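The values are calculated or read from the model by the stated rules, or taken from the named source; none is laboratory data. Everything numeric in this text was worked out from a predicted model, so none of it was measured. Cβ coordinates were reconstructed from backbone atoms using ideal geometry, including for glycine residues, and neighbour counts include every protein chain displayed. These accessible areas exclude ligands, DNA and RNA; they are computed on the full protein's heavy atoms, side chains included. Shrake-Rupley method; radii C 1.70, N 1.55, O 1.52, S 1.80 Å.
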Amino acid sequence: MKRIGIISDTHSYWDEKYYEYFEPCDEIWHAGDIGSTEVADKLAAFRTLRAVCGNCDGGDLRLMFPEKLRWKCEDVDVLMTHIGGYPGNYDPRIRGQIYANPPQLFICGHSHILKVKYDKTLNLLHINPGAAGLQGWQQTRTLVRLTIDGNQFKDCEVVQLSW
């Protein structure tokens with residue numbers, strides 16, 4: 001059983017509350033637009049970090065993290081990228097891969113819009129944790145916590161961050 005913290009679109013913003021929110025987590029997954037190596041380093045020093053680079057991430061972050069990442073967590077096949085769309089409207093850059101070999105959990109960021117949705121067609125859970133940084137037009141800063149137990153998703157919760 002693993003407790004996962006999912007975050008995206010920090011855009012170089014560090015919130016000390018991340019430590020509190022990710023305390024119960026075994027791993028932190030960042031879905032891109034990290035913004036600075038300092039944010040990535042702080043997250044990685046605190047918990048195991050898996051991350052992808054986003055469209056706003058510069059050269060250092062692009063060297064540290066891939067554009068797409070696929071791995072197994074417990075018995076769940078996970079695919080994460082920054083620009084991914086959502087069920088029924090996946091981005092063309094990832095659509096072919098998702099339809100050819102659907103993961104059980106698909107994570108993306110980019111839109112700054114929190115979305116947790118089950119894709120019945122592909123039998124996968126889609127999560128966009130929204131944006132945790134200050135940059136952008138979002139009215140609420142969010143992240144998601146989730147437990148993966150074997151091949152089951154449990155205790156999915158949205159954490160709303162203060163401004």
Item to check | Residue match in segment 1-19 (condition: surrounded by fewer than 23 Cβ atoms within 10 Å (Cβ to Cβ), without any contact (Cβ under 8 Å) to a residue 24 or more places away in the chain and small (Gly, Ala, Ser)) | outcome: no
Checklist outcome for this item: When (1) touching a Ser or Thr at 6+ places or on another chain (Cβ under 6 Å); (2) open to solvent by 10 Å² or more (accessible area, probe 1.4 Å) are applied to Pro129, the one that fails is (2)
Checklist entry - What do you reckon, is Ile148 open to solvent by less than 20 Å² (accessible area, probe 1.4 Å), modelled with pLDDT of 95 or more, of a type in the set (A, V, I, L, M) and within 15 Å of the chain's Cα centre (by Cα)? => result yes
Next on the checklist: For the condition over 25 Å from Thr10 (Cα atoms), touching a residue at least 24 places away in the same chain (Cβ under 8 Å) and either open to solvent by less than 60 Å² (accessible area, probe 1.4 Å) or aliphatic (A, V, I, L, M) (or both), what is the one hit in Ile98, Ile83?
Outcome noted: Ile98
Checklist entry - Can you find even one residue in segment 115-122 that is more than 23 Å from Val39 (Cβ to Cβ) and of a type in the set (Phe, Trp, Tyr)? => result yes
Checklist entry - Does Val116 count as touching a residue at least 40 places away in the same chain (Cβ under 8 Å), open to solvent by less than 30 Å² (accessible area, probe 1.4 Å) and outside any loop (DSSP other than H, G, I, E, B)? => result no
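Any idea which of Leu69, Leu61 is in a strand (DSSP E or B) and open to solvent by less than 50 Å² (accessible area, probe 1.4 Å)?
On the way: Leu61 fails: in a strand (DSSP E or B).
Just a single option satisfies the conditions, and that option is Leu69.
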